[in-house]
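Below you'll find the structure I mean.
Only the coordinates and a few stated rules stand behind these numbers; no lab work does. Note that this is a predicted model, so its numbers are computed, not measured. Here the Cβ positions follow ideal geometry from the backbone for every residue, glycine too, while neighbour counts run over all protein chains shown.
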Amino acid sequence: MSSPNLTPAEHARNILERDRAHVWHPYSSFLAPSPTYPVASANGVRLTLTDGRTLIDGMSSWWSVLHGYNHPTLNQALLDQSQAMSHVMFGGLTHEPAVTLSQKLVQLSPEGLNKVFLSDSGSVSVEVAMKMALQYWHSQGRPEKNRFLALKNGYHGDTFGAMSVCDPVTGMHHLFAQNITQQYFAERPQSRFSAAFDPKDLDSIRHLLATKTDIAAVILEPVVQGAGGMWMYSPTYVREVRVLCDQYDVLLIADEIATGLGRTGKLFACEHANISPDIMCLGKTLTGGYMTLAATLCNDKVSDGICQGDAGVFMHGPTFMGNPLACAVANASIDLLLASDWQSNIARIDQQLKQGLEPCRELEHVVDVRVLGAIGVVELDYAPAMAEIQPALVDEGIWVRPFGKLVYIMPPYVATNQDLHALTGGIFRVVGAL
Ligand SMILES: *Cc1c(COP(=O)(O)O)cnc(C)c1O
């Protein structure tokens, strides 16, 4: 334990020493630890480091924070729910927070998604979606339809099923190739979000759907591919894939874990394409960044099929399913979002990010700048060393965590124009100095 008479800087060093001795971080090494910063507290869009510095948060703790940290309404929802019950099992019991949340998600999500399976994390919600698709085809007497078709550069999570549909090369999972089901991968669409759609983009996926008879479902991140490349593509592609799925009798799974709840300017990215998937995954943003919670929604075709099948039930049930604390804070967070003028707010952020990041295009090493809604990306021609770029960003007073060749931000929706200016200005200066 740290001693009470340490200075803030000593306290931070003390935490870090113990951290480096024992604690795994995401995609981390004990032999070559990357820069890591102890955080003492977070409020609004600011992280306060243990050493006393404050940083403007550009990451929303991996897309999840919407209304800022330490929000009084969300704090209160959590406190109130903890005084009623923090958790009860979901087998044979139910409760208001989970029922209200499920009903809310059904009302808000694309038409036809009527059934909700609550789970603990995004990856698990993808596993659940994949199991739903497999059980559906089993019940239809088509057990041979048991493969998935995903897009190159996609990201769907780190568990085994989810890994199998991540990009096979950039997906960071090739090490496990021997243990992973081989799935089908279509080329990612090249047509950008607001550019004219090139119908050639469909050739790869159409060819696979036309020639493979064992495909249960297509899984994709509609309109924005997140961790697999931060790529924003034409909604027409999503609309045409819906048509192809119907034509070839394949289910469509939309992974909206990163895009759900307003990030792209629509409540769900599927709305840009005006389609409804058969199954939809939500996570990250669901509790406004407070707790881990995910949901897999499906339409009646899928739920009826599963329940009429041999097993008679859907075969999944996590211990902490429908956790009341998480559901209560999710309800409060969604209500806050809907009570705000979120569409104009996201349009404001979109405009600020474009204005602030566009000048990066002129910098050496920058090959692309793209913005959609509250997502801004600067793509470089090489992957800078974390040990170099991370401390430089922190010295700018901003929390931005680059990934490979991508320096990107998706700030909390409550970021002011001044906050956004600090984030984009900091990125401009740091990238300019590379
Ligand atoms: C983050 C993410 C996941 C995985 O969610 P976890 O909560 O990290 O398991 C899956 N799909 C997409 C699109 C994501 O962005």
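Being at positive phi and in contact with a strand residue (DSSP E or B) (Cβ under 7 Å, 6 or more places away or on another chain): is that true of Asn70 here? If you could, list the steps in order and put the result at the bottom.
Details: at positive phi: yes; in contact with a strand residue (DSSP E or B) (Cβ under 7 Å, 6 or more places away or on another chain): yes.
It is true that Asn70 is at positive phi and in contact with a strand residue (DSSP E or B) (Cβ under 7 Å, 6 or more places away or on another chain).
Restricting the first residue to region 225-252 and requiring it to be closer than 19 Å to Gly112 by Cα, which pairs with a second residue that is among the small types (Gly, Ala, Ser) and assigned to a helix (DSSP H, G or I) meet a Cβ separation below 7 Å and a spacing of at least six or different chains?
Final answer for the pair search is Val238/Ala273; Arg239/Ala273; Leu251/Ala133.
Taking into account only those residues within region 149-205 that are aromatic (Phe, Trp, Tyr) and within 13 Å of the ligand (Cβ to nearest atom), which is surrounded by the most Cβ atoms within 10 Å (Cβ to Cβ)? Reasoning before the result, please.
Keep residues of region 149-205 that are aromatic (Phe, Trp, Tyr), which gives 155, 160, 176, 184-185, 193, 197.
So of that shortlist, the ones also within 13 Å of the ligand (Cβ to nearest atom) come out as 155, 160.
Numbers: Tyr155: 26, Phe160: 14.
This residue is Tyr155.
May I pose another question? Would you check if Leu93 is among the aliphatic types (A, V, I, L, M) and within 16 Å of the ligand (Cβ to nearest atom)?
On the way: among the aliphatic types (A, V, I, L, M): yes; within 16 Å of the ligand (Cβ to nearest atom): no.
Spelling it out, it is not the case that Leu93 is among the aliphatic types (A, V, I, L, M) and within 16 Å of the ligand (Cβ to nearest atom).
On the basis of being over 21 Å from Ser276 (Cα atoms) and within 16 Å of the ligand (Cβ to nearest atom), does Asn146 make the cut? Quick ask: steps written out before the conclusion?
Values: over 21 Å from Ser276 (Cα atoms): yes; within 16 Å of the ligand (Cβ to nearest atom): no.
Answer is no for this residue.
Only one of (1) touching a strand residue (DSSP E or B) at 6+ places or on another chain (Cβ under 7 Å); (2) part of a loop (DSSP other than H, G, I, E, B) fails for Leu149. Which number is that?
The one condition Leu149 does not meet is (2).
Please specify each residue of region 156-188 satisfying the condition of being under 26 Å from Leu244 (Cα atoms) and outside any loop (DSSP other than H, G, I, E, B).
Gly161, Ala162, Met163, Ser164, Tyr184, Phe185, Ala186, listed by residue number.
Of everything in region 278-288, what is away from the ligand (no atom under 12 Å from the Cβ) and either within 16 Å of Gln103 (Cα to Cα) or within 17 Å of the chain's Cα centre (by Cα) (or both)? Give them in sequence order. Reasoning before the result, please.
If we filter region 278-288 for residues that are away from the ligand (no atom under 12 Å from the Cβ), which is where we start, we get 278-279, 288.
Residues satisfying the conditions are Ile279, Gly288.
In region 374-401, how many are assigned to a helix (DSSP H, G or I) and not hydrophobic (A, V, I, L, M, F, W, C)?
As a first pass, look at region 374-401 and keep what is assigned to a helix (DSSP H, G or I): 386-395.
Restricting the remaining residues to those that are not hydrophobic (A, V, I, L, M, F, W, C) gives 388, 390-391, 395.
Qualifying residue count, region 374-401: 4.
Restricting to region 289-301, name every residue that is more than 10 Å from the ligand (Cβ to nearest atom) and closer than 23 Å to Tyr69 by Cβ.
Listed by number, the residues that qualify are Gly289, Tyr290, Met291, Ala295.
Next question, about the same structure. Please go through region 291-305 and give me each residue that is surrounded by fewer than 24 Cβ atoms within 10 Å (Cβ to Cβ) and not basic (Lys, Arg), ordered by number. Lay out the reasoning, then the answer.
Initial filter on region 291-305 (surrounded by fewer than 24 Cβ atoms within 10 Å (Cβ to Cβ)): 291-292, 299-301, 303-305.
Listed by number, the residues that qualify are Met291, Thr292, Asn299, Asp300, Ser303, Asp304, Gly305.
One residue is enough: does region 207-217 have a residue meeting the conditions within 16 Å of the ligand (Cβ to nearest atom), among the β-branched types (Val, Ile, Thr) and either over 29 Å from Pro402 (Cβ atoms) or surrounded by 14 or more Cβ atoms within 10 Å (Cβ to Cβ) (or both)? Don't jump to the end; show me each part of the working.
From region 207-217, those within 16 Å of the ligand (Cβ to nearest atom) are 217; that's our starting set.
Checking which are among the β-branched types (Val, Ile, Thr) leaves us with none.
Within region 207-217 (the criterion being within 16 Å of the ligand (Cβ to nearest atom), among the β-branched types (Val, Ile, Thr) and either over 29 Å from Pro402 (Cβ atoms) or surrounded by 14 or more Cβ atoms within 10 Å (Cβ to Cβ) (or both)), the answer is no, since none of the residues qualifies.
All but one of (1) in contact (Cβ under 8 Å) with a residue 12 or more places away in the chain; (2) within 28 Å of Met315 (Cα to Cα); (3) of a type outside the set (Val, Ile, Thr) hold for Asp57; state the number of the condition that does not hold.
Result: Asp57 passes all but (2).
Would you please list the contacts, defined by Cβ atoms under 6 Å and residues six or more apart or on different chains, that run from a residue in region 371-388 that is free of Cβ contacts under 8 Å to residues at least 12 places away in the same chain and closer than 15 Å to Ala433 by Cα to a residue that is among the aliphatic types (A, V, I, L, M) and surrounded by 15 or more Cβ atoms within 10 Å (Cβ to Cβ)?
none
Asp395: at negative phi, buried (at least 17 other Cβ atoms within 10 Å of the Cβ) and among the acidic types (Asp, Glu), yes or no? Break it down stepwise before answering.
Values: at negative phi: yes; buried (at least 17 other Cβ atoms within 10 Å of the Cβ): no; among the acidic types (Asp, Glu): yes.
No: the conditions fail for Asp395.
If you don't mind, another one. Suppose we filter region 218-270 for residues that are in a helix (DSSP H, G or I) and touching a helix residue (DSSP H, G or I) at 6+ places or on another chain (Cβ under 9 Å); how many remain? Spell out how you get there, then give the answer.
First pass over region 218-270, keeping only residues in a helix (DSSP H, G or I): 235-247, 270.
Still in the list and also touching a helix residue (DSSP H, G or I) at 6+ places or on another chain (Cβ under 9 Å): 235-242, 244-245, 247, 270.
Residues in region 218-270 being in a helix (DSSP H, G or I) and touching a helix residue (DSSP H, G or I) at 6+ places or on another chain (Cβ under 9 Å): 12 in total.
Against the condition surrounded by fewer than 24 Cβ atoms within 10 Å (Cβ to Cβ) and touching a residue at least 12 places away in the same chain (Cβ under 8 Å), how does Pro402 come out, does it pass? I'd like the intermediate steps shown before the answer.
Working: surrounded by fewer than 24 Cβ atoms within 10 Å (Cβ to Cβ): yes; touching a residue at least 12 places away in the same chain (Cβ under 8 Å): yes.
Yes; evaluated as a whole, the condition is true for this residue.
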